[in-house]
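What follows is a single structure, written as structure tokens, with notes after it.
The values are calculated or read from the model by the stated rules, or taken from the named source; none is laboratory data. From a predicted model like this one, the values you see are computed outputs, not experimental measurements. Heads up, the Cβs are rebuilt from the backbone with ideal geometry, glycines too, and the neighbour counts pull from every protein chain shown. SASA here: full protein model, heavy atoms, side chains in, ligands and nucleic acids out. Shrake-Rupley method; radii C 1.70, N 1.55, O 1.52, S 1.80 Å.
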Amino acid sequence: MDVFEGAKLFVKDCWYVAAWGHEIVEKSLYAISIANEPIVIYRKGNGELVALRDQCCHRLAPLSRGQLEGDHLRCMYHGLKFASDGRCVEIPGEKKIPDQFRVHSYPVVEMHSWVWIWIGDPATSKSHLIPPAIGLEDPQWSLKAGSMDYAANYLLINDNLLDLSHVAYVHHKGLRGDGELQFPVRISKLERGLNIQRWRLDQDSAKYIPGSVGGVHDEFLCYDFLMPGIFLMYSGLFERGTAVRCDFGKPDEKFEPVHAQLSSQAVTGLTDGSSRYFFSVGARRKEHDQHPGLVELLWNLTCRFFAEDKEMIEAQQKSILANPSGQMNSIASDRGPAMMRQIMDKYMNV
Amino acid sequence: MDVFEGAKLFVKDCWYVAAWGHEIVEKSLYAISIANEPIVIYRKGNGELVALRDQCCHRLAPLSRGQLEGDHLRCMYHGLKFASDGRCVEIPGEKKIPDQFRVHSYPVVEMHSWVWIWIGDPATSKSHLIPPAIGLEDPQWSLKAGSMDYAANYLLINDNLLDLSHVAYVHHKGLRGDGELQFPVRISKLERGLNIQRWRLDQDSAKYIPGSVGGVHDEFLCYDFLMPGIFLMYSGLFERGTAVRCDFGKPDEKFEPVHAQLSSQAVTGLTDGSSRYFFSVGARRKEHDQHPGLVELLWNLTCRFFAEDKEMIEAQQKSILANPSGQMNSIASDRGPAMMRQIMDKYMNV
Amino acid sequence: MDVFEGAKLFVKDCWYVAAWGHEIVEKSLYAISIANEPIVIYRKGNGELVALRDQCCHRLAPLSRGQLEGDHLRCMYHGLKFASDGRCVEIPGEKKIPDQFRVHSYPVVEMHSWVWIWIGDPATSKSHLIPPAIGLEDPQWSLKAGSMDYAANYLLINDNLLDLSHVAYVHHKGLRGDGELQFPVRISKLERGLNIQRWRLDQDSAKYIPGSVGGVHDEFLCYDFLMPGIFLMYSGLFERGTAVRCDFGKPDEKFEPVHAQLSSQAVTGLTDGSSRYFFSVGARRKEHDQHPGLVELLWNLTCRFFAEDKEMIEAQQKSILANPSGQMNSIASDRGPAMMRQIMDKYMNV
């Protein structure tokens, strides 16, 4: 697929979201493919997570069809048993276990309500590289969480999330679809990602969140993209004039929004052509207490927008696969996607 | 697929039928793949047809998911707008539109009730190369039209239509299946095709068209094959002795048939392994007026025969794909298919 | 698929089971792919079997869509007719039939209730190489027969049948799943296969066959594997002490089992990734007469076990295909599979 410019499609040395923490239930096995690698995840008795290659080193049967025995995982084809570090600790009928009998054990961390897996060399994993998402139990925010699968490469989804110019077209039947381009977007580089900020002035807030906030406000949107596909988003409605008073920068704490939203999103490439999209959306707890249906409303709006994106992105993926000679051309609003791909390319080729 | 002898499967420099004219409805978009190229077709306000590559030059989304704005087509991913000649006329957020922002615009002509598209270099398109099919509004003929899709390469369908020896076997439960081979077929070359003629003497006409014509007649069949898969067919029942009186050539106007049929057929290769078959069948208006159910009867017979062909040709295609080492061997009745493939090969390799 | 070590996946010079004899019904055509070759099988008027390549030498249509005319098979695309030796005996419209108009005729033998086909050079076929399975009409045994299809390479199924260590894990909810490894398996080489024998002492027989035999016995299992995937199995329950009295060898006729089972099994590779598994199971007629539900009971148990195997083997196949870099590692209980693959490799590469 030449539109992805190069054979490598995945960054190895970073943390991938594999699941919501609550999806990994005690005494059961969770199977996922990340960056084309088959992975099985489970919890030890003390609640700690284990992530192993989901392919027995003996005859290549999936370990996710196996059986947990305490903190060990037994392959249910011929009974080899693996410790949580991937070492084989039992081969039925044999006393000696050769060194090569092990499956890869992935560094795995549960943080901010997500299960993070390091696909690259475990020796290089650094937990401080886990993006600072906001978890579901955060005292400030009331959040709702879920996920959806895409039949598309994850970079096409990253593209979509970094280029707000699509909103006016893909979501033109929605509430927020007009005037995306009249307000400039500020993009700045982060160590392993990008920061995007934008002020939109004089927004009709009733259109923004029906039934919640009325009047006209300045709207501030700010999000970080972090490799491989983490998006940490904040948006708020502020009194008119706030944008100017902040010099169109990030409003500090003395500016209290009349309404604020938070969303943590993670795009995980399962295989070259499929992805899973984990996301939460919500509002401040105090605001939600005043408007009890608010988070549900935001969730439903989000799901509607995401369904529109999914339809277009999957059509784009099919078009690319059916017509591999097609060449992309960039426009001004591709600056975000282009910067994202530069970062990805750099880390794919280390 | 070595049975197709060579990598090229499609002739570029010819007119392909993309649709029946009535299938291209005002204010809507019609998507089709022809010779593996994705194409979107629509009508301008004045009814003229437009055919563009169905892949936005920006991020490769299908334009057939776009939106018509007057005579322009807007991609509904990021809003690029294209004129009917394929030039991009608007890039949201940009004032200058670089030259390379265009999609291919295919020469398209509506003629004889069909929508014809030239896949090759537009500069070489010549509308006089459009085969002289008979359209649905012809004053002489009462015709019924439709189409069906095949999971098979179009050359296998061309083969079938050029070798009448299959009729006795594929359609052996039908009405006309016996004695196909006792009457010789005359094949002559055309500039971009073949002409096939055959007289069958002493045919039981009641078997030919049940309930319409009785008695015994000479039957004349004549059709042109024209690249890439156009078949223009005429057949008539004449008084016994006509074949001899015409020296087994084409009967001129002084011979009036007791019954005559017309069929225009177009086999369009969508992809290497799929095709769309457009066809009309019918009788003279004056004959139809006397036998009001006649065209419906012909239509039903045709659909039954085509369903039998489709079943066999799709089985043949599957057999070829599953067993690529298979070698075809030719027999005398393959003269038509062999001549067709010679012509196709010649034009595929210009 | 590097786990199969080498490009060749099938042994040519051996007999493959294509069907149960009763599946080849008079006046009808039976289509099967064996080792990727398309084959059509039918009976002549005298009941003899014919096996031809299922692809007409003319335009590659499947002959299994053809029509039997006496002992001849006519392709129903263009009417070529083939004798039971594969020679074309009629080309409609032609008097001379060129020599190359023939389809391959496979040596085919009906024996032991199975239809055996020799895929390799017919000149090298030797009917004495047909494995000595026990047919359904055997006077000593009451047998029930069937088949099931696998979405997996046949070698993975052979592996499974040659390594009893899987029983304790795949069939751990079954009746016989415990203690597989405490009793050693004896494997010896045959000219084109392997013989496997095992005694298990002090087995709870009520667990073995519910409701049939009680008490505690020595259990003897013995089976031949013969290329390409034939398994001829016998097992019996004997009085305690028999194993020792036989020096853990095969019990001769003076030892009468209290219960005995027989199973003939044939794994036929259809394509690289699909297989058909033919099998019979049953008991001695005299034992069945005493326990009228016995054979049905054995059949149901067998089907349950085979469904468990199928689920695991198909998952293993999917895991191999999705992760082609995976490397198998061998353990002691792989001796049977390893010896099988050595034999297969030797004959694949002649």
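For C:Ala19, enumerate residues with amide H under 5 Å from its amide H, sequence gap 5+ or separate chain, H modeled in the peptide plane.
For C:Ala19, whose amide H was placed from the backbone, the distant partners under 5 Å are C:Val115.
With a 1.4 Å probe and every protein chain kept in, tell me what percent of the accessible surface of segment A:230-350 is carbon plus sulfur.
Details: 2890 of 5400 Å².
Heavy-atom surface of segment A:230-350 belonging to carbon and sulfur, 1.4 Å probe: 53 percent.
Excluding residues on the same chain fewer than 8 positions from C:Lys96, give the lysines whose Cα lies under 23 Å from its Cα.
The reachable lysines, counting only those whose Cα sits under 23 Å from C:Lys96, are C:Lys81.
Label points 7 Å out from Cα along the Cβ direction at C:Val258 and B:Ala338: separation in nm?
Each label point lies 7 Å from its Cα, and together they span 7.7 nm.
Would you mind calculating the relative contact order of segment C:9-75 from Cα pairs under 8 angstrom and at least 6 residues apart, reporting the percent as a whole number?
Working: 92 pairs, mean separation 14.2, N = 67.
Reported relative contact order: 21 percent.
Would you mind checking which residues have amide H under 5 Å from A:Ala61's amide H? H placed 1.01 Å from N; only 5 or more apart, or other chain.
HN-HN under 5 Å from A:Ala61: A:Cys56.
Among the trypsin sites (Lys or Arg not before Pro) within segment B:32-97, which fall in a DSSP loop and have no more than 13 other Cβ atoms within 10 Å of their own Cβ? Numbers along the way, then the final one.
Values: sites: B:Arg43, B:Lys44, B:Arg53, B:Arg59, B:Arg65, B:Arg74, B:Lys81, B:Arg87, B:Lys95, B:Lys96; in loops: B:Lys44, B:Arg59, B:Lys95, B:Lys96.
Those satisfying the criteria are B:Lys95, B:Lys96.
Output the residues of segment C:64-93 meeting this criterion: accessible area (heavy atoms, 1.4 Å probe) in the chain alone minus accessible area with all protein chains in place is 40 Å² or greater.
C:Arg65, C:Met76, C:Tyr77, C:His78, C:Pro92
Enumerate the calculated ³J(HN,Hα) couplings along segment C:328-343 in order (Karplus 6.51 cos²θ - 1.76 cosθ + 1.60, θ = phi - 60°), each rounded to whole Hz, writing x wherever the residue is Gly or Pro.
Once rounded to whole Hz, the list reads 6, 10, 9, 10, 4, 6, 8, 4, x, x, 5, 5, 4, 5, 4, 4.
Return the calculated 222 nm mean residue ellipticity for the protein assembly as shown, to the nearest 500 deg cm²/dmol, obtained by summing -39500 (n - 2.57) across DSSP H runs with n ≥ 4 and dividing by the residue count.
Details: 21 runs with 210 residues, N = 1050.
Using -39500 (n - 2.57) per qualifying helix, the result is -6000 deg cm²/dmol.
Any idea of the accessible area per residue across the protein assembly as shown, 1.4 Å probe, to the nearest Å²?
On the way: 43120 Å² over 1050 residues.
Here the per-residue accessible area is 41 Å².
Relative contact order for chain B: what is it in percent, counting Cα pairs under 8 Å that are at least 6 residues apart? Don't skip to the answer; put the middle values down first.
Values: 684 pairs, mean separation 65.9, N = 350.
Value for chain B: 19 percent.
Could you work out the local net charge near C:His112, counting Lys and Arg as +1, Asp and Glu as -1, over the other residues with Cβ closer than 12 Å to its Cβ? Don't skip to the end; give the middle numbers.
Working: positive: none; negative: C:Glu110, C:Glu137, C:Asp138.
So the environment of C:His112 carries a net charge of -3.
Order C:Asp289, B:Asp345 by their accessible area, 1.4 angstrom probe, all chains in place, largest first. Display every interim value, and only then the final one.
Details: C:Asp289 115, B:Asp345 50 Å².
Greatest to least solvent exposure: C:Asp289, B:Asp345.
Could you compute how much accessible area chains B and C hide from each other, both sides summed, with a 1.4 Å probe? Nearest 100 Å² is fine. Let's see the in-between values first.
On the way: alone 16640 and 16660 Å², together 31020 Å².
Approximately 2300 Å², summed over both chains.
Which Cβ of chain C lies nearest the axis of the rotation superposing C onto B, and at what whole-Å distance?
Here the value is C:Leu321, 11.
Once you list every other residue whose beta carbon is under 12 Å from the beta carbon of A:Lys318, what net charge do they have if Lys and Arg are +1 and Asp and Glu are -1? The partial results should precede the final answer.
Working: positive: B:Arg65; negative: A:Glu311, A:Glu314, B:Asp54.
Taking every other residue near A:Lys318 into account, the sum is -2.
Tell me the GluC sites (Glu not before Pro) within segment C:235-329 that lie in a loop according to DSSP and have at most 11 other beta-carbon atoms within 10 Å. Please report the intermediate quantities before stating the final value.
Numbers: sites: C:Glu239, C:Glu253, C:Glu287, C:Glu296, C:Glu308, C:Glu311, C:Glu314; in loops: C:Glu239, C:Glu253.
Here the GluC sites (Glu not before Pro) that fit, given the DSSP loop and packing criteria, are C:Glu253.
Report, for C:His172, each distance to the same residue's label point in the other copies, shortest first and in nm; define the point 7 Å along Cα→Cβ.
Listed shortest first, these distances are 5.8, 5.8 nm.
Per residue of segment B:240-245, in order, report the coupling 6.51 cos²θ - 1.76 cosθ + 1.60 (Karplus, θ = phi - 60°) as ³J(HN,Hα) in whole Hz, putting x for Gly and Pro.
Couplings: 4, x, 4, 3, 5, 4 Hz.
So which residues in segment C:305-324 end up with at least 10 square angstrom less accessible surface once the other protein chains are there, compared with the chain by itself, probe 1.4 angstrom?
Correct list: C:Glu311, C:Met312, C:Ala315, C:Gln316, C:Ser319, C:Ile320, C:Asn323.
What average number of partner chain Cβ atoms lie no more than 10 Å from the Cβ of the residues making up A:31-41? Provide the component values of the computation, followed by the final result.
Values: counts 0, 0, 2, 0, 0, 3, 3, 5, 0, 0, 0.
Other-chain Cβ atoms within 10 Å of each residue's Cβ, averaged: 1.
Taking θ as phi - 60°, what are the ³J(HN,Hα) couplings along segment A:67-75 by the Karplus curve (6.51, -1.76, 1.60), each to the nearest whole Hz, with x for Gly and Pro?
9, 7, 10, x, 8, 9, 10, 9, 5
For A:Glu311 and A:Lys27 in the same chain, what is the full-extension length gain: residue separation times 0.36 nm, less their Cα-Cα distance, in nm? Don't skip to the end; give the middle numbers.
Working: separation 284, 0.36 × 284 = 102.24 nm, distance 3.62 nm.
Stretched out fully, the A:Glu311 to A:Lys27 stretch lengthens by 98.6 nm.
For a test of the definition: using alpha carbon positions, the gyration tensor, and the 1.5 limit on a/c, classify the protein assembly as shown as rounded, prolate or oblate. Walk me through the numbers on the way to the answer.
Values: a/c = 2.49, a/b = 1.00, b/c = 2.49.
In terms of gyration-tensor shape, oblate.
If each label sits 7 angstrom from Cα along the C-beta direction, how far apart, in nm, is A:Arg240 from its counterparts in the other copies?
Counterpart label points of A:Arg240 in the remaining copies fall at 9.8, 9.8 nm.
Of the candidates B:Pro38, B:Pro132, B:Pro292, which one comes out as most mobile in a Gaussian network treatment of chain B with C-alpha springs shorter than 10 Å?
Highest fluctuation of the listed residues: B:Pro292.
Please check: in the Gaussian network model of chain C (C-alpha springs, under 10 Å), which one of C:Tyr30, C:Tyr277, C:Tyr77 has the largest mean-square fluctuation.
Residue with maximal mean-square fluctuation among C:Tyr30, C:Tyr277, C:Tyr77: C:Tyr77.
To one decimal in nm, how far is A:Cys303 from the same spot in the other copies, if labels go 7 Å from Cα toward Cβ? Please give the shortest first.
Shortest to longest, the spacings are 4.2, 4.2 nm.
I want to check the label-to-label distance for A:Ala322 and C:Ala206. Put each point 7 Å from Cα in the C-beta direction and report it in nm to one decimal.
Calculated label separation equals 6.6 nm.
Amide H to amide H under 5 Å from C:Ala152: which residues, 5+ apart in sequence or cross-chain, H placed 1.01 Å off N in plane?
Here C:Ser274, C:Ser275 satisfy the definition.
Quick one: compute the contact order of segment B:217-326, relative version, from alpha carbon pairs under 8 angstrom and 6+ residues apart, as a percent.
Across segment B:217-326, relative contact order equals 18 percent.
How much of the accessible area of segment A:1-116, in percent, comes from carbon and sulfur atoms when a 1.4 Å probe is used? Don't skip to the answer; put the middle values down first.
Working: 2130 of 4570 Å².
That share works out to 47 percent.
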